[in-house]
Amino acid sequence: MTDMIGREELVKTVLQAADGEIVGRIRLQKIFYLLEQLGMGGDIRFSYHHYGPYSEELSDAIDFAIKADKTVQEEAVKVESGFYSIYRLSNPDEPAPPKLGNLPWAQARECIRAMKAETSIVIELAATIHWLREKEDVPDWRKELKVRKPSKADDSRIAKALDLLESTSTD
């Protein structure tokens, strides 16, 4: 089992593979979820919540990296509808490791860049589609997705989410 320090190191390494920055806590959670499904091996448990797969363990590791270890910086940005966070490395110039967990560095970077290129809604849908298909084994996952996320799950976004899943899969 990966301990808090191991998870905190994964947070730093994921940010490093993301060119030093990820915008949004939900996006960061979904990137971790999808990387775990690709075989990252962080031993991070997820459960389903309103925005899709979520890990309290990961949330704690992010907070630890920010408050205790201080290797990750969080900037809260106020917008009309509330706040969102930007996560950055405090030292973005550290040399890259050969792997991100069990994933080769180049593969991890490519997957993270593909996920960062999409909207947060598309990555949320991609993680939720994976969850419905693989974790809950929902036969008509598309119908269930539209029930759970009626304002987000339009056909165009679903198509983009499926493209993202396909482009980041190891199959």
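The values are calculated or read from the model by the stated rules, or taken from the named source; none is laboratory data. Bear in mind that the values here come from a model prediction, so they are computed numbers and not experimental data. Every residue, glycine as well, gets a Cβ built from its backbone with ideal geometry; the counts of neighbours run over all protein chains shown.
For the reader, a short list of remarks on this structure follows.
- Scanning the stretch 115-157 for residues that are closer than 28 Å to ALA17 by Cβ and either acidic (Asp, Glu) or not in a helix (DSSP H, G or I) (or both), we see that the one that is nearest to the chain's Cα centre (by Cα) is GLU124.
- Residue count for the stretch 30-74 satisfying the condition of being under 17 Å from SER169 (Cα atoms), touching a residue at least 12 places away in the same chain (Cβ under 8 Å) and of a type outside the set (Lys, Arg): 10.
- Out of GLN16, GLN73, GLN37, GLN29, one residue alone is surrounded by fewer than 22 Cβ atoms within 10 Å (Cβ to Cβ) and outside any strand (DSSP E or B). It is GLN37.
- Single unsatisfied condition, ARG109 versus (1) without any contact (Cβ under 8 Å) to a residue 60 or more places away in the chain; (2) of a type in the set (Lys, Arg); (3) in a helix (DSSP H, G or I); (4) farther than 15 Å from LEU165 by Cβ: (1)
- If only residues of the stretch 76-90 that are assigned to a loop (DSSP other than H, G, I, E, B) and at pLDDT 85 or above are counted, the one that is nearest to the chain's Cα centre (by Cα) is SER90.
Yes/no per residue for (1) surrounded by 14 or more Cβ atoms within 10 Å (Cβ to Cβ); (2) closer than 20 Å to ALA126 by Cα; (3) of a type in the set (Ser, Thr, Tyr):
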residue	(1), (2), (3)
TYR48	yes, yes, yes
GLY52	yes, yes, no
SER55	yes, yes, yes
LEU58	yes, yes, no
ILE62	yes, no, no
ALA65	yes, no, no
VAL79	no, no, no
GLY82	no, no, no
SER85	yes, no, yes
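- Residue pairs whose Cβ atoms lie under 8 Å apart, separated by 6 or more positions or on different chains, with the first residue in the stretch 79-91 and closer than 20 Å to ILE62 by Cα and of a type in the set (A, V, I, L, M, F, W, C) and the second crowded, with 16+ Cβ neighbours inside 10 Å and modelled with pLDDT under 90, are LEU89/THR71.
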